[in-house]
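Working notes for the structure below.
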Amino acid sequence: MLQAEEREQCDGGDFGASTCADCGKYTGNLVCTNDCTISTVECEGSCGDGIVQTEFEEREGSDLGGRSCGTEDAFGGTLACDEECMLDGRSAVWPNRGMFRPSSPPPLARKPDPRWRVAWRVSASGTA
């Protein structure tokens, strides 16, 4: 029986509500060590492991899978992989929308959120 008051993280197969996902991994099973601490030795996959895991990630690190501003219909700028291994288009310039500068936009694979703020580029004459 898991005894949290005794500082046990696990007891045999009892991990409370903890899963591999809580430990930053995508799949697998937690293991309880002899000193009742959780081990992720049998958990697999995470953002940043160098492998694109298409069930959970769009991209991994600098591997954008051949996608660029041109393939995504942006006028220019830069695409990147964010900290959650999703395609990040915050630095891209989009048709009729200017350059996005939201705090955290959804990845490009999802529909754009109409609540995104738009920062238009304005020339010295004051026109867009």
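Annotations
- Gly16 being over 14 Å from the mean Cα position of the chain (by Cα), of a type in the set (Gly, Ala, Ser) and at pLDDT 90 or above: no
- Complete set of residues in region 16-67 that are out of contact with any strand residue (DSSP E or B) (no Cβ under 8 Å at 6 or more places or on another chain) and outside any loop (DSSP other than H, G, I, E, B): Ala21, Asp22
- Any hit, region 62-73, residues being farther than 25 Å from Cys10 by Cα, within 16 Å of the chain's Cα centre (by Cα), outside the structural domain of Gly12 (by TED's automatic domain parsing) and surrounded by 15 or more Cβ atoms within 10 Å (Cβ to Cβ): yes
The values are calculated or read from the model by the stated rules, or taken from the named source; none is laboratory data. Everything quoted here is computed from the prediction, not taken from an experiment. In this analysis, Cβ positions are derived from the backbone assuming ideal geometry, glycine residues included, and neighbour counts consider all displayed protein chains.
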